[in-house]
Amino acid sequence: MLPNLIPYGIYTIPEISMVGATEEELTRGKTPYESGLARYSELAKGRCWRRSRTAEILFDPDTLKLLGVHIIGDRAAEIVHIARRC
């Protein structure tokens, strides 16, 4: 679980949500990271919504510790909280 982190959601069209560090912060801090994509279709809620949006996931390549998640898409604020549980 990401300690002391609050997920943010901005209700625009499309929605924007995030929790954790950004690529800029990790680069500035010289923290090694990798990024990956998770598709809405891989989430139960995403399959119900039938959307093809994605979420960017930033993680430590050695420990696989989650460092940040950024989502731009329909109902992004409803699913970003899942990242806090990883």
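Ranking of ILE79, ILE72 by solvent-accessible surface, largest first: ILE72, ILE79 (1.4 Å probe, protein heavy atoms only, all chains present). Of the residues GLU24, GLU15, GLU78, the one with the largest accessible area comes first in the ranking GLU24, GLU78, GLU15, computed with a 1.4 Å probe on protein heavy atoms. Charge tally around PHE59: other residues with Cβ under 11 Å, Lys/Arg +1 each, Asp/Glu -1 each, net -3.
Taking a Cβ cut-off of under 14 Å around ILE16, the surrounding Lys, Arg, Asp and Glu residues balance to a net charge of -2, with basic ones at +1 and acidic ones at -1.
The values are calculated or read from the model by the stated rules, or taken from the named source; none is laboratory data. Worth saying up front: this structure is predicted, and the values here are computed from it rather than measured. Note that we place each Cβ from the backbone using ideal geometry, even for glycine, and neighbour counts take in every protein chain shown. In case anyone asks, the SASA skips ligands and DNA or RNA and just uses the protein heavy atoms, side chains included. Shrake-Rupley method; radii C 1.70, N 1.55, O 1.52, S 1.80 Å.
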